[in-house]
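The values are calculated or read from the model by the stated rules, or taken from the named source; none is laboratory data. Everything numeric here is computed off the predicted structure, so don't read it as measured data. Here Cβ is always computed from backbone atoms with ideal geometry, including for glycine, and neighbour counts include all displayed protein chains.
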Amino acid sequence: MIDSHVHFWNFDPVRDSWITPEMNAIRNDFTPADFAKATSLTPISGCIAVQADQTENQNHFLLSLAKENPAIKGIVGWVDLCSNQLEERLNYWSNFKLIKGWRHVLQAEPDEFIVADRFAQGVRTLNNYGYTYDILCYHTQLPAIIQLVDKLEDQPLVLDHCGKPDVKNQDLEKWKENIKVLSQHPNVSCKISGLLVEADWDNWTEKQLFNCFDVIFEHFGADRVIYGSDWPVVLVSRPYKDWLSLVSKYTSRFTENERKQFFSGNVDRFYNLTSLDL
């Protein structure tokens with residue numbers, strides 16, 4: 001099994017200000033050794049390391065970790081997609097084959113940024129280099145995301161954390177409508193990840209999570225849904241094994257092939273993990 005969504009960092013309270021005091025469980029350093037410990041009693045054998053800092057230094061940091069930790073099968077880094085030097089930077093980063101794609105923290109941006117032609121052109125440029133793009137947004141931003149995706153017909157895209165639905169209050173109707181529209185784009189996949197963070201950390205119910213899973217699998221199908229955890233952020237609610245157990249319980253109804261695709265095949269295909277080269 002491959003976890004498609006894992007973060008590593010050396011905690012800095014200024015740089016990592018998004019990790020608020022209420023998230024005390026993750027106001028620490030998190031390394032590949034910590035991830036190995038968290039998954040030691042699970043079938044997880046590798047992960048995709050996803051950017052948590054919007055600087056190119058993050059790419060070097062993750063590459064340095066990967067050199068010492070072969071469990072890191074791929075990297076989703078950060079590059080300024082609106083830069084006039086984007087082609088130059090992508091040419092440079094194309095020398096590092098472990099970088100499979102890129103992500104910008106759109107949840108921190110206004111809709112005007114998301115729908116701007118300049119940003120869409122930046123994402124379109126990624127396809128020239130065989131890169132993927134991870135979409136990180138809140139459910140309230142999905143209408144703008146749909147406008148963006150409409151401009152990116154051929155670009156491989158994956159929606160992180162199911163578009164962060166309102167798990168806590170179960171206000172899901174508009175989210176469901178937008179997920180249905182988004183799923184009609186065949187170049188878009190979706191990660192089942194991060195939902196415990198959107199729930200009531202202490203009092204979520206299995207049904208609340210499964211309500212969201214139902215929508216994602218109904219519209220994206222087993223061949224476009226990818227397993228992820230959002231470790232270590234998931235620790236604000238539960239240990240890693242609790243999240244994996246929850247997802248495993250839900251997918252126990254699937255065929256053996258569907259489970260294989262969800263836990264390994266889809267992530268392998270999406271991020272092209274067969275070309276592993278530092």
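If I ask for residues that are over 16 Å from the mean Cα position of the chain (by Cα) and surrounded by 15 or more Cβ atoms within 10 Å (Cβ to Cβ), which ones from segment 66-78 would you list?
As a first pass, look at segment 66-78 and keep what is over 16 Å from the mean Cα position of the chain (by Cα): 66-71.
Correct list: Ala66, Asn69, Ala71.
Give Leu126, Leu90, Leu62 a once-over and let me know the one that is within 23 Å of Asp16 (Cα to Cα), surrounded by 13 or more Cβ atoms within 10 Å (Cβ to Cβ), without any contact (Cβ under 8 Å) to a residue 60 or more places away in the chain and out of contact with any Asp or Glu (no Cβ under 8 Å at 6 or more places or on another chain). Walk me through it before giving the result.
Values: Leu126 fails: within 23 Å of Asp16 (Cα to Cα); Leu90 fails: within 23 Å of Asp16 (Cα to Cα).
Answer to the selection: Leu62.
If you go through segment 42-51 one residue at a time, do you hit one that is of a type outside the set (Val, Ile, Thr) and without any contact (Cβ under 8 Å) to a residue 12 or more places away in the chain? Talk me through it step by step, then tell me what you get.
Step one: of segment 42-51, the residues of a type outside the set (Val, Ile, Thr) are 43, 45-47, 49, 51.
If we keep only those that are without any contact (Cβ under 8 Å) to a residue 12 or more places away in the chain too, we end up with none.
Among the residues of segment 42-51, not one is of a type outside the set (Val, Ile, Thr) and without any contact (Cβ under 8 Å) to a residue 12 or more places away in the chain, which makes the answer no.
To keep it simple, each residue is scored yes or no on (1) touching a strand residue (DSSP E or B) at 6+ places or on another chain (Cβ under 8 Å); (2) assigned to a helix (DSSP H, G or I); (3) β-branched (Val, Ile, Thr); (4) surrounded by fewer than 22 Cβ atoms within 10 Å (Cβ to Cβ).
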site: Val167; (1), (2), (3), (4): no, no, yes, no
site: Trp175; (1), (2), (3), (4): no, yes, no, yes
site: Cys212; (1), (2), (3), (4): no, yes, no, no
site: Asp223; (1), (2), (3), (4): no, no, no, yes
site: Val234; (1), (2), (3), (4): no, yes, yes, no
site: Ser264; (1), (2), (3), (4): yes, yes, no, yes
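Please determine whether any residue of segment 71-80 is at pLDDT 95 or above, out of contact with any Ser or Thr (no Cβ under 8 Å at 6 or more places or on another chain) and either part of a helix (DSSP H, G or I) or under 30 Å from Lys174 (Cβ atoms) (or both).
So the first thing to find is which residues in segment 71-80 are at pLDDT 95 or above, and the list is 71-80.
Restricting the remaining residues to those that are out of contact with any Ser or Thr (no Cβ under 8 Å at 6 or more places or on another chain) gives 72-75, 77, 79-80.
Subsequent filtering for residues that are either part of a helix (DSSP H, G or I) or under 30 Å from Lys174 (Cβ atoms) (or both) retains none.
So far as segment 71-80 goes, no, none of its residues is at pLDDT 95 or above, out of contact with any Ser or Thr (no Cβ under 8 Å at 6 or more places or on another chain) and either part of a helix (DSSP H, G or I) or under 30 Å from Lys174 (Cβ atoms) (or both).
Could you tell me whether Asp214 is in contact (Cβ under 8 Å) with a residue 24 or more places away in the chain and of a type in the set (Asp, Glu)? Lay out the reasoning, then the answer.
Details: in contact (Cβ under 8 Å) with a residue 24 or more places away in the chain: no; of a type in the set (Asp, Glu): yes.
Criteria not met by Asp214.
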Inset, instruction - List every residue pair whose Cβ atoms sit under 6 Å apart, with the two residues 6 or more apart in sequence or on different chains, where the first one lies in segment 228-249 and is over 14 Å from Ala36 (Cβ atoms) and the second, anywhere, is in a loop (DSSP other than H, G, I, E, B). - result: Gly228/Ser193; Asp230/Ser193; Asp230/Gly194; Val236/Trp201; Ser237/Trp201; Trp243/Ser229; Leu244/Thr42
Inset, instruction - Among what's in segment 79-121 and is under 18 Å from the mean Cα position of the chain (by Cα) and of a type in the set (Gly, Ala, Ser), pick the residue that is nearest to Tyr271 (Cα to Cα). - result: Gly101
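Rundown of residues vs (1) modelled with pLDDT of 95 or more; (2) closer than 21 Å to Ile226 by Cβ, yes/no style:
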| position | (1), (2) |
| --- | --- |
| Arg15 | no, no |
| Thr20 | no, no |
| Asn28 | no, no |
| Ala33 | yes, no |
| Ile44 | yes, yes |
| Cys47 | yes, yes |
| Thr55 | yes, no |
Inset, instruction - Please indicate, with yes or no, whether at least one residue in segment 139-149 is surrounded by fewer than 17 Cβ atoms within 10 Å (Cβ to Cβ), part of a helix (DSSP H, G or I) and among the hydroxyl-bearing types (Ser, Thr, Tyr). - result: yes
Legend entry - Options Leu196, Leu126, Leu152: the member that is part of a helix (DSSP H, G or I) and under 19 Å from Arg269 (Cβ atoms): Leu126
Legend entry - Only one of Ser189, Ser229, Ser245 that is part of a helix (DSSP H, G or I) and modelled with pLDDT of 95 or more: Ser245
